[in-house]
1. Would you please give the residues with an amide H less than 5 Å from that of residue A:74, counting only those at least 5 places away or on a separate chain, with H modeled from the backbone geometry?
2. For residue B:291 and residue B:357, FRET efficiency with R0 = 51 Å and r from the beta-carbon atoms, rounded to 0.05?
3. Taking the stretch A:242-324 on its own, what percent of its Cα-Cα pair distances exceed 15 Å?
4. Kindly provide the helix-only [θ] at 222 nm of the protein assembly as shown, computed as the sum of -39,500 (n - 2.57) over DSSP H runs of four or more divided by all residues, to the nearest 500 deg cm²/dmol?
5. So for the protein assembly as shown, taking the charge dipole from beta-carbon charges (+1 Lys/Arg, -1 Asp/Glu), which of A:285, A:335, A:153 sits furthest toward the positive end?
6. Placing +1 at every Lys and Arg Cβ and -1 at every Asp and Glu Cβ, with all other atoms neutral, what dipole size does the protein assembly as shown have around its Cα centre, in debye to the nearest 20?
7. Give me a comma-separated list of calculated 3J(HN,Hα) values for the stretch A:154-171, in order, Karplus coefficients 6.51, -1.76, 1.60 applied at θ = phi - 60°, integers in Hz, x for any Gly or Pro.
8. For a bin width of 10 Å, list the pair-distance distribution of the protein assembly as shown built from all Cα-Cα distances, rounded to whole %.
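Derivation of every value follows stated rules applied to the coordinates shown; laboratory data play no part. Here the structure is a predicted model, which means the values were calculated and not measured. Note that we place each Cβ from the backbone using ideal geometry, even for glycine, and neighbour counts take in every protein chain shown.
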Amino acid sequence: MNAGALRTLRVIDYSTSIAAAAAGKMLADLGAEVLKVEPPRTGDPARYHGPFPDDTPDPERSGLFLYLNANKRGITLDPEPPTGGNLLHCLLAEADVFLHNRPPAEAAAMRLEDSRLRDQHPHLIVAAVTPYGSSGPYANDRGVDLTACAAGGVSIGTGFRERPPLTLPLSLGAHFASIATAAAVLLATFARDATGYGQFVDVSETDVQAILLAGYGIPTYIYRGVTGIRAGRHMNLGLYPNAVFECHDGFICIDAPQLAQWNRLLEVMGNPAWVQDPRYRDRRQITEQYPHEVDGLMAPWLMAHGKAEVFDETQAQRIPTGPVNTMQDVVNDAHLRARQFFTTIEREDTGPLTVPGAPYRLSKTPWAIRRPAPRLGEHNEEIYAGRFGVSREELLFLWQTGVI
Amino acid sequence: MNGQTAPDALTGYRILDFGTAFASPMAAHLLADMGAEVIKIESQARLDGLRLGRPIVGEDIAGGDRGEWPEYQPVFHGLNRSKLGITVNIKHPEAVDLLKRLVRVSDVVINNFSPGVMDRAGLGYDALRRERPDLIYVSLPAAGESGPLRDIVTYAPVIAALAGISGLVGYSSEREDFVGTLQAAFCDAVGAMHAVVATLAALRHRQATGEGQAIEIAQWEAAVSMLGEGVLDYVMNGRVMAPVGNTHPTMVPHGNYRCAGDDAWVAIAVRSEDEWRAFCRAASHPEWLDDPRFADAYQRRRHRTALDALITTWTNRHTADEIREILQAAGVAAMPVMNLEDQFRDPHLRAREIHLESEHPKVGLEFLHGIPWRLSDTPGRIRRPAPLLGEHNQYVFAELMGLPETEIQRLVEAGAIY
């Protein structure tokens, strides 16, 4: 198996959040040597999250942990007692990247502020991914995915106008920030090539959403006062149809802004009589004023079909549509199967588990699963004894006293 | 850190952006902001869709899509800032040779055409790596370059539907509660950031070995890679996840609550029993602590509807900012649910520079989205406004490639540079 594009990059993943762990995973899946450092005894909170096989709770079989930490080695360490702190600095001296998720005040209380770490290890790239970022008035505010999606401007646009805004499902805000974190860490390695020095990489889950999801719409606010509020199953701007529609067995997304696409869609629907009405010519006006009226006109045809039928018939005419897939649909999708997208992670205590595979396919240095997620403290001996010469007797003592 | 004098992380790399619309242009501008020299390849023969339509900056801009409109599109400016721009009609027979010569002095080619388009134009990976063996060649097809659905036509919301994201967006598993639509082009940004990661990884490999490679990013697959938890719940337990609104498996309360004001909401999440006690006291409702329905997370979960209604009687009397202050002072997670206007005015997001000012030669002062990460020593910046059509033809063809003026003129007249 290839060693991966990032095989020379050494990362210490001292994280307890989805965003940071997922960033570490992205680097590990590309070949970086990532060491997951967990709190002694309890381990990472993701070990308690699930899903668990047969709903039987077991910190060694939590799906979220197994997914986010494949390809990493794992040790336990409490860096607060002096011996723990010394061991952490031994790790950092040999690492390129220190990845964590502590807001600045908490990092300082743990003596992990970036200035302190980089004074001692000038080559080190310190990366913190936090709900609101490591600077600014809310830097030390408490945050979770829900509050980052709120400040990030995604929630206000999601849901029905008269009902509460909806947060992103399944911690997608954290996953979204994790990609930015992996990118930013790699950018810092390029700067280090030139200078020899590491730097501080500050990623805010809120910022990433506010900039890359809400932010490109800022001109529409400046010039038209459009603030990005929700419009149910419809988009609040643009040309109708751009919405999720009900069919008899589920939902389908139809997004056909080009006039030719709309005309082809009307043809697929049998050119119903209402299309002659001038009221249905200005599709921007439909989106902004009476989308539900036109939904009602489209409904008879849509409800006479299943989502797969609508998908096939419209895509045959090159109309951008897609069925609203469930997780079951996705896992069993013939296209993804034909591309061998899904892969397997396997450990003796879980058996083979199907998981999403490569988000990108690199021809020479493919994304790959090289090892399963570590059991708690699985590599303590390999790292502490093998690298730093800690004796077995000392290891036992450090374990008994909760340092590792 | 002073963006004027700081070095850039990607100085010395040259990237050719063949992309249109969102995913490829966004990836390329992120790399350009961080110091790469990115050249956007456009053509009058087929304008980037984001250049088309009546500009929102003014009703009185002359001309239409063949006139001045294409230069007055702020959303295009946001996604193409920091780049140089040239116009080459890739369907012209002489364009291929011209672009191949440009590839020889470039490190990365990125595009988001449908599968086969670049190949048919003679600009596929196999053709271009003969010009530049260590080239990094990045493609962002929606469904990938193989498989039964490779030729489907999509936009970002369609990819969110295919990937299983839309199916999780709603208030509950009931049909009438289903929403399914995100206002943001979520999957475009997901594809763009994955492209940045993969490109940088491939450049690191090239630095170590001298070897280039091709990178295929199916935007659909990139989106599914974020859903490991949902995939595993199905694989482990046969459970098909359904929308759950704003509820969380273990945190209660956890939701967006209505505040004083028009469509004003605040997000509140309570993670522990300590935080629950702090929450009740901060909300001046210590009696909730004595209510057996809310005695612990298990009880609160059972009585979530009643609890949410009570919390709303409190949040309703305050602005979202007041609730944030009250609860954060007590150590409880709370944030206003912000729209674009709130974000534009919020002191924290202003300090974080989520919007940056930029001067465009036609529009004047513009506010564009910022840079999604903060690097202390090489922060990046908006290097220049988005290019006017063909603005850098002279620089690229004459200075960079060394074409004689007569040759450039001939290619313009032939319609290759167009």
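1. HN-HN under 5 Å from residue A:74: A:36, A:378, A:379.
2. Computed FRET efficiency for residue B:357 and residue B:291 comes out at 0.50.
3. Details: 1852 of 3403 pairs.
Tail fraction, whole percent: 54.
4. On the way: 32 runs with 292 residues, N = 822.
Theoretical 222 nm ellipticity from helices: -10000 deg cm²/dmol.
5. A:335
6. Details: 78 positive and 101 negative charges, 172 e Å.
Rounded to the nearest 20 debye, it is 820 debye.
7. 8, 4, 4, x, 10, x, 7, 4, 8, 10, x, x, 10, 7, 5, x, 6, 6
8. Cα pair-distance distribution for the protein assembly as shown, in percent: 3, 13, 23, 27, 20, 10, 3, 1, 0.
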